[in-house]
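Here the structure is laid out as structure tokens; the discussion comes afterwards.
The values are calculated or read from the model by the stated rules, or taken from the named source; none is laboratory data. The structure displayed is predicted, hence computed values, not measured ones. Positions of Cβ are generated from backbone atoms using ideal geometry, with glycine treated the same way; all protein chains shown enter the neighbour counts.
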Amino acid sequence: MSAEGGGKAIIAALAANLGIAVSKFVAFAFTGSSSMLAEGIHSVADSGNQVLLLVGRKRSVRERTERHPFGFGRERFFYAFIVAVVLFTIGAAFSLYEGVHKLQHPEKVESPVWAFGVLIVAIGLESLSFRTAIGEANQTRGTRSWVEYVRRAKAPELPVVLLEDAAALIGLILALLGVGLAVVTGNGIWDGVGTIAIGLLLAAVATILAIETKSLLIGEGADPDTQVKIIETLESVPEVDRVIHIRTEYVGPEELLIAAKIAVHHDETAAEVARGIDAAEEKVRARFPEAALIYLEPDIDRSGTHPTPTT
């Protein structure tokens, strides 16, 4: 994911959510609908989430220090994880609380035209934001399915925005149904049911985001196919007999650390081994631009077995 593309999707989502949040709170003031209040809180939480993602991107580009020799790329993983926590604690928890309260004390929805108007406008704005995120994601998704893209993407911003926008659209439809049924039946319980459904939806999305970003935060390696290609590239250098073992880890969304023990020919001089290591690093970086850190340890082959890529 390019920095420019991810930023464009985040800013589009932030602008949409700020406008939608204001309109939802206005509608709540006129209707008293708990679904509208839950959706307003949802939009505020989403707006805060986009700000957190932007902060994470800004902080991740700081220069390396002695205390942080691998840089600050994982700041983006950390802030994406915080987004999941915020989405759950503010969005899901409040919606569930308000929904249960509305079931216990149902109230008639006042001035439903306001609610319907705001929800329809919000669906239109969220659809534009969602379309922007999809367009940006398609530039790097390739042939992967959307589920695989969310699970395997190393840059967390676009998967987060995609899930947030999808949840927002579904939440708006649930709010529309809840308010609509409350107006048609004259029973405010349906408004509470819609609010609870929104809360459960947000909890599910927050759980998915927390699981995926936690995995990135504690350290993920390159996928097995990429590791096989790295091994092939290293072994294509004449001075490298074979790769004994390899470990990889993303220290940032676009920064891959590669550590490998390579078998060299026993009769090579130190100068020949050094030239081979330099050539191997150059070929790997040419094929994998994200390989920011490469550490190769030369050794004599004793086992004859080929390394198995880690998953």
Filter pass, Ile244 being buried (at least 16 other Cβ atoms within 10 Å of the Cβ), of a type outside the set (Lys, Arg) and either in contact with a Gly (Cβ under 8 Å, 6 or more places away or on another chain) or under 19 Å from Ala155 (Cα atoms) (or both): no
Looking at Val61, is it modelled with pLDDT of 85 or more and of a type in the set (Val, Ile, Thr)? yes
Out of (1) out of contact with any Gly (no Cβ under 8 Å at 6 or more places or on another chain); (2) loosely packed, with under 14 Cβ neighbours inside 10 Å; (3) not in a helix (DSSP H, G or I), the odd one out for Glu110 is which? (1)
Hey, Ala222 hits all of (1) touching a strand residue (DSSP E or B) at 6+ places or on another chain (Cβ under 7 Å); (2) among the aliphatic types (A, V, I, L, M); (3) in a helix (DSSP H, G or I) but one; which does it fall short on? (3)
Restricting attention to region 283-302, the residues that are touching a helix residue (DSSP H, G or I) at 6+ places or on another chain (Cβ under 7 Å) and small (Gly, Ala, Ser) number exactly 1
Could you identify the single residue in Thr195, Thr185 that is among the hydroxyl-bearing types (Ser, Thr, Tyr), in the same structural domain as Pro112 (by TED's automatic domain parsing) and either without any contact (Cβ under 8 Å) to a residue 12 or more places away in the chain or in contact with a Pro (Cβ under 6 Å, 6 or more places away or on another chain) (or both)? Thr185
Check off (1) touching a residue at least 24 places away in the same chain (Cβ under 8 Å); (2) more than 17 Å from the chain's Cα centre (by Cα); (3) crowded, with 16+ Cβ neighbours inside 10 Å for Val26 and give me the number that stays unchecked. (3)
So, Thr213, is that one hydroxyl-bearing (Ser, Thr, Tyr) and assigned to a loop (DSSP other than H, G, I, E, B) or not? no
Take the residues in region 141-158 that are among the small types (Gly, Ala, Ser) and surrounded by fewer than 18 Cβ atoms within 10 Å (Cβ to Cβ); name whichever of them is nearest to Thr207 (Cα to Cα). Ser145
Among the residues of region 56-96, which ones are free of Cβ contacts under 8 Å to residues at least 24 places away in the same chain and part of a helix (DSSP H, G or I)? Lys58, Arg59, Glu75, Thr89
Determine, yes or no, whether Ile277 is touching a Leu at 6+ places or on another chain (Cβ under 6 Å) and outside any strand (DSSP E or B). yes
From the list Ala182, Ala222, which one is buried (at least 17 other Cβ atoms within 10 Å of the Cβ) and over 20 Å from Ala27 (Cα atoms)? Ala222
Quick one: would you say Gly135 is more than 14 Å from Ile208 (Cα to Cα), crowded, with 21+ Cβ neighbours inside 10 Å and modelled with pLDDT of 85 or more? no
With the requirement that a residue be under 32 Å from the mean Cα position of the chain (by Cα) and without any contact (Cβ under 8 Å) to a residue 60 or more places away in the chain, what does region 273-290 give you? Glu281, Glu282, Lys283, Val284, Arg285, Ala286, Arg287, Pro289, Glu290
Could you run through region 207-219 and say how many residues are within 26 Å of Arg287 (Cα to Cα) and surrounded by 14 or more Cβ atoms within 10 Å (Cβ to Cβ)? 2
